[in-house]
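What follows is a short report on a single structure.
The values are calculated or read from the model by the stated rules, or taken from the named source; none is laboratory data. Bear in mind the structure is a predicted one, so any value in this text is a computation, not a measurement. Glycine gets a Cβ as well: all are built from the backbone with ideal geometry, and neighbour counts include every protein chain shown. Note: areas computed on protein heavy atoms with side chains; ligands, DNA, RNA excluded. Shrake-Rupley method; radii C 1.70, N 1.55, O 1.52, S 1.80 Å.
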Amino acid sequence: MSALPVSAATTRRPAVETVTVERWRDGAIETADDVAAAEVPVCLEYNGISHAVMLASPADLEDFALGFSLTEGIVDHPRDILDLETEERCEGIAVRLTVTAQRFHRLKERRRSLAGRTGCGLCGTESLSQVFRDIPRLPTTSAMAAPALQEAFQSLASN
């Protein structure tokens, strides 16, 4: 991206990935490979302070960070971003932006929670360290028979 000063450490990952899926077909489960959009936790950090974590495609993160920064009013122009680099971490990808002192001051004054009530559960977390949390296991109380599932799928297809 020529509009931003991007550091050489920029991460390049594909926007799609091959995944193994199970499909229900003719009353039986079959395993196959499929192509799916790749999504990873992406943390936007401004001047060393984590601001927001979102689930996003790992491709074109410089454009993603610029678009977020402009639409959220963090910067007014791409030149307000002095440096941008990405860092691959075990929890996801950190996009580190260095913005002018004036824009960083404005960001600190307007800081707000970006919590989302629905979705993937990442919105509202401020750092990648909060991404993976222990989730309690729910007790299994019932099982569905294969014919009931087949009937449900056929009913969905007919509507």
Exercise. So how exposed is R23, as accessible area in Å² (1.4 Å probe, rounded to 10)?
Worked result: 70 Å²
For this session: Provide the per-residue ³J(HN,Hα) series for the range 42-48, in order, calculated from phi with Karplus coefficients 6.51, -1.76, 1.60 and θ = phi - 60°, each as a whole number of Hz, with x at glycine and proline positions.
Result: 10, 9, 9, 10, 10, 6, x
For this session: Could you calculate the FRET efficiency of T141 with D33 from 1/(1 + (r/R0)^6), where r is the beta carbon distance between them and R0 is 41 Å, rounded to 0.05?
Result: 0.80
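Can you tell me how much longer the chain between E109 and E17 gets when fully stretched, taken as 0.36 nm per residue apart minus their C-alpha distance, in nm with one decimal? Display every interim value, and only then the final one.
Working: separation 92, 0.36 × 92 = 33.12 nm, distance 3.95 nm.
Extending this stretch completely gives an extra 29.2 nm.
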Problem set entry | Karplus-derived 3J(HN,Hα), 6.51/-1.76/1.60, for each residue of the range 102-109, Hz, glycine and proline x | 4, 6, 5, 4, 4, 4, 5, 5
Exercise. Going by accessible area, probe 1.4 Å, with all protein chains left in place, what is the ranking of R79, R106, largest first?
Worked result: R79, R106
Exercise. For M54, M144, what's the largest-to-smallest order of accessible area, 1.4 Å probe?
Worked result: M144, M54
